[in-house]
Amino acid sequence: MTVAEKISVVKTSAKNAPDPVSRRALLTGGLAGGLLLAFHLPVRALVPNEPEQPLDATAGKFAPNAFIRIDGAGHTTLVMPQVEMGQGVYTAIAMILAEELDADFSQVTLRHAPPNDRLYGNPTFGLQVTGNSNSIRAFWKPLRNAGAGARAMLVQAAAQQWQVEPANCSTANGEVTHKESGRVLSYGALAAAAGSQTPPKEVPLKDPKDFALIGKPLKRFDTPDKVNGKAVYGIDAMLPGMKFATLAACPVFGGKVGKVDDSAAKKIPGVQKVVVLDDLVAVVGDHMWAAKKGLDALKVTWDEGPNARISSKDVWNDLRAASEKDGVVARSEGDIAKGLATGERMDAAYELPFLAHATMEPLNATVHLTPDSCEIWTGTQIVSRVQAEAAKAAGLPVDKVIVNNHLLGGGFGRKLEPDMVVAAVRIAKQVDGPVKVVWTREEDIQHDVYRPVYRDTIAATLLDGKIVGWKYRITGSAVIARWLPPAFQKGIDIDAVDSAVDMPYDIPNIHVEYVRAEPPAVPTGFWRGVGPNNNVFAVESFMDELARKAGKDPIAFRLAMLGKNPRMQAALNLAAEKSNWGQPLPARVGRGVCVQPSFGSFIATVVEAEVDEAGEVHLRRVTSAVDTGIAVNPDTIMAQLEGGLIFSLTAALYGEITIDKGRVQQSNFHDYRMLRIDQAPKIEVHVIKSGEAPGGIGETGSTAGPPALRNAIYAATGVALRRLPIDRTLIAVGKKA
Amino acid sequence: MATTLTINGEPKSFDAPADMPLLWVLRDVLGMTGTKFGCGIAQCGACTVHIDGKPVRSCMLPVSAVRDRAVTTIEGISASSAGAKVQKAWLDLEVIQCGYCQSGQIMSAAALLATTPNPDDSDIDAAMAGNICRCGTYVRIRAAIKQAASGRQS
């Protein structure tokens, strides 16, 4: 089978989804507990993944649940409830399903799931969401149950045909074998009969020691088509008669279109149409070049509105003022007043900037709108929400909206928003036939939903080399209040406090508060690493400052307070050993450590960096030790750490979106810089063997890099940086923070 | 403007404005979507193709400037020995994550190996620093180029 056949786009809509029929309770087990691991989501999953009749169940095809189809020829199709945006989840999901199914892994085909929360909703959210590093955590049990349940029905079918006990049959590589008689039947030959079996009440899952696929560094399904240009992303959708468009929203957040002079734009060869909406303009042409030139030639007078006065200074003034207020208590243990009155006290505040996502694939959506239908081609982390929002924008019932999801050219949280699809639908209302709307990089950077600015204030006390009091206040935007309102309870953004309320250290008196502070004008959203990015940076930076005050080595200081957290302790010890912690280094070279319990994984990271006399930072080496429980595909775990570290070190070194006159000042990669290969450090990732349930991994590297780098700079220069991105002027020779 | 270009060894005729960057001819006129749009200002390298074997950012190359020179894209790079080696090393070392930048990475790496069969780290830095990878696959890109150069098997 060629790889092009391995992954196909499912072209289905809700209208094809049958009414819920047989609810096979046996395949739904494991949903009650353990899903809310790091996210602490107080809302119950609206709809667990109850397998129902699948979307394309046809005669002769075995379709025991939403995820598995086996046809008479033995072709096994696995439907992917989560989206592939580089994190390797398609391969991991296929491995889990095929493991319990005992499928022939070399013969499986993967398909994107269509929008359908009932069948494919992420159990943590009750929605089809790929985010929060929880695909494997949320689907581990449901997928294993789905595979095992299907396998049991295939065994029953074979046993019935042979008139033997199912217990005497075994399975491997897509076949059932009755050892005693030597008889063998393929899953394909059993497909029809298996479909009429009654699902068994109890399905035993494999003992992890018997795993044949899970735990092996198997090759990814999605990569072969990514070396030859065949992989199809949303931006690659091509349809007969398609037109191409690009758009510009008011550069000032919240501003509107005033006057438009399109006389010059319409003279550009290839320009077909100018679309003027209340908040944006778009030019439609025969190709992107015509659309782009047309947009450049458009003379738009914007009604900028009240936000045109906002600048970064206002944003920071507001945030700092808000951080002086008392917050809502997210955790309080011991006696914080007593704790802070004991021993030697230290105070600090840490600040993080706005960040853009800048996925390599610029935002896009292709829409074909007719009076009674809307078909969409895009790559999204929220396919069902996109369908619902598109339906609203089109003025059509949801079941008239077809969404063809694709591979994503990066997500990082940006594609947890439907705005690019909604804009395309609104533009498509004025276009006959399909139109592909592609944002320029400038529009992508300037109309993002940004990682919020945060300010974290900490007061802590030290007694006998240990922390006895810890008062921590997070001030920042509540993204969750906008994005998932039911999860915003009692004034606490559960994401914003993640990795602060559950920091790994044993501290007797601990108090964590949250102050919701929405920045003026600037929209905020989830950004790879989410809440832990902020909290781990502040916590781990301050840990180093406290260690220095206590006169302790940063790792020894941490280890002394990790006695109740053996997994964290083991990771830290391994990272120390592998990074040559404590070995001498040249002048102005330092090692810094970061410890994080985030996303259900226990990771310790050491960054080694040099600060030259001009204050420029040179990354030398990064060492991470990770205990993520059972590593479904260890090579993917390593790749996610490597990539996440680069992603976050990029932010620490360069990332900052600034605002002037209500608009974003950065526009493209020349002024919103990315780390490049010539600046990339050596990276070693050590995966710790574990039998615990899998943890999350996609965002962990993104959380690990900045505090470890900041602490390396602290070690190299003695300068305690408290803001990102790194300010070179503070660490050049002769400067002191 | 009626134009004929030789792309991956085959003549392709089309009508496009003279100032239209090759990127959009490939993607929107010819439907060859393996070459990617990333920034439009030659800052990210996602649009890298070869013109007479040399890596060029197609997002800023007017189609009229190509003239009779040979265009090679990701769809045709496996025909060259360096290209095939790079593709194989990319898969052997599982370089790729989202993959969106990787057409450009592979084109830059193939051009490097065609002229510098045994590149050292500074050669790799010089040839590859124009290609941004937002997923951060640089460590594996470096290793894969070295593997492709040595012909080692993983």
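With all distinct Cα pairs included, what does the Kirkwood hydrodynamic radius of the range B:78-150 come out to in Å, to one decimal, could you say?
On the way: mean 1/r = 0.0853 Å⁻¹.
It works out to 11.7 Å.
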Checklist outcome for this item: The simple spin-label model distance between A:Ser263 and A:Asp279, using points 7 Å out along Cα→Cβ, in nm, is 3.1
Item to check | Pair A:Gln583, B:Asn118: separation of 7 Å Cα→Cβ label points (nm) | outcome: 2.7
Item to check | Where only alpha carbons of the protein assembly as shown are counted, the Rg and the Dmax (Å) | outcome: 27.5, 86
Checklist entry - Counting DSSP beta bridges in the protein assembly as shown, what percent are antiparallel, to the nearest 5? => result 75
Checklist outcome for this item: Counted neighbours (other Cβ, 10 Å), sorted fewest up, put A:Tyr454, B:Tyr138, A:Tyr672 in the order A:Tyr672, A:Tyr454, B:Tyr138
Item to check | Amide hydrogen neighbours beyond the local backbone of A:Leu110, cut-off 5 Å, H modeled | outcome: A:Ile7, A:Ser8, A:Leu78
Item to check | Built amide H within the under 5 Å cut-off of A:Ala66, gap 5+ | outcome: A:Glu52
Checklist entry - Which of A:Gly195, A:Thr223, A:Ala481 sits closest to the plus end of the dipole of chain A, meaning its Cα is farthest towards the positive end, when Lys and Arg get +1 and Asp and Glu get -1 on the C-beta? => result A:Ala481
Item to check | Sorted by Cβ neighbour density within 10 Å, fewest at the top, the residues A:Lys216, A:Lys490 | outcome: A:Lys490, A:Lys216
Checklist outcome for this item: In the range A:697-737, the trypsin sites (Lys or Arg not before Pro) that sit in a DSSP loop and have at most 11 other Cβ atoms within 10 Å of their own Cβ are A:Lys736
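Would you mind getting me the FRET efficiency between A:Asp727 and A:Lys682? Use the beta-carbon distance for r and R0 = 25 Å, nearest 0.05. Write out the running numbers ahead of the final one.
Numbers: r = 26 Å, r/R0 = 1.02.
Plugging the Cβ-Cβ distance into 1/(1 + (r/R0)^6) gives 0.45.
How well do other chains shield peptide B:137-146, expressed as the mean number of their Cβ atoms within 10 Å of each residue Cβ?
Values: counts 7, 11, 14, 5, 2, 3, 0, 0, 1, 0.
Average neighbour count from other chains, rounded to a whole number: 4.
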Checklist entry - By average Cβ neighbour count within 10 Å, what is the ranking of A:391-400, B:128-137, A:606-615 from highest down? => result B:128-137, A:606-615, A:391-400
Checklist entry - What spacing in nm lies between the two simple spin-label points modelled at B:Ser13 and A:Glu180, each 7 Å away from Cα in the Cβ direction? => result 7.5
Checklist outcome for this item: Among A:Ser332, A:Val89, A:Ser135, the residue whose Cα sits farthest towards the positive end of the charge dipole of chain A (+1 at Cβ of Lys and Arg, -1 at Cβ of Asp and Glu, taken about the Cα centre) is A:Ser332
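Shielding of A:87-94 by partners, i.e. mean partner chain Cβ atoms within 10 Å per residue?
Numbers: counts 3, 3, 0, 0, 1, 0, 0, 0.
Neighbouring Cβ atoms belonging to other protein chains average 1 per residue here.
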Checklist entry - Distance from the Cα centre of the range A:565-637 to that of the range A:106-171, in angstrom? => result 36
Checklist outcome for this item: Normalised Cα Rg of the range B:2-76, dividing by 2.2 N^0.38 Å with N its residue count, works out at 0.95
Next on the checklist: Given R₀ = 25 Å, what would the calculated FRET efficiency be for A:Arg482 paired with A:Asp314, taking r from the Cβ atoms and rounding to 0.05?
Outcome noted: 0.75
Checklist outcome for this item: In whole Hz, the Karplus estimates of ³J(HN,Hα) for the range A:668-674 (6.51, -1.76, 1.60; θ = phi - 60°; x where Gly or Pro) are 7, 6, 6, 10, 10, 6, 10
Item to check | Residue mean of other protein chain beta carbons inside 10 Å, B:89-96 | outcome: 5
Checklist entry - Long-range amide H contacts for A:Arg676: which residues qualify at under 5 Å (H placed 1.01 Å from N, peptide plane, sequence gap of 5 or more or a different chain)? => result none
Item to check | Given B:Lys12/B:Lys54; A:Lys61/A:Lys201; A:Lys578/B:Lys36; A:Lys392/A:Lys490, the pairs whose alpha carbons are separated by over 27 Å | outcome: A:Lys578/B:Lys36; A:Lys392/A:Lys490
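Provide the net charge surrounding A:Leu340, with neighbours chosen by a C-beta distance below 14 Å and charges set as Lys +1, Arg +1, Asp -1, Glu -1.
Details: positive: A:Lys338, A:Arg345, A:Lys471, A:Arg473; negative: A:Glu333, A:Asp335, A:Glu344, A:Asp347, A:Glu513.
In short, -1.
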Checklist entry - If you plug each phi of the range A:348-359 into the Karplus form 6.51 cos²θ - 1.76 cosθ + 1.60 with θ = phi - 60°, what whole-Hz ³J(HN,Hα) values come out, in order, with x for Gly and Pro? => result 7, 9, 10, 10, 10, x, 5, 9, 8, 7, 6, 4
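Just so you know, all these numbers are worked out from the coordinates, no wet-lab data involved. Note that the coordinates shown come from a computational prediction; the quantities given were computed from them, not determined experimentally. No Cβ is skipped: glycine too gets one built from the backbone with ideal geometry, and neighbour counts run over all protein chains shown.
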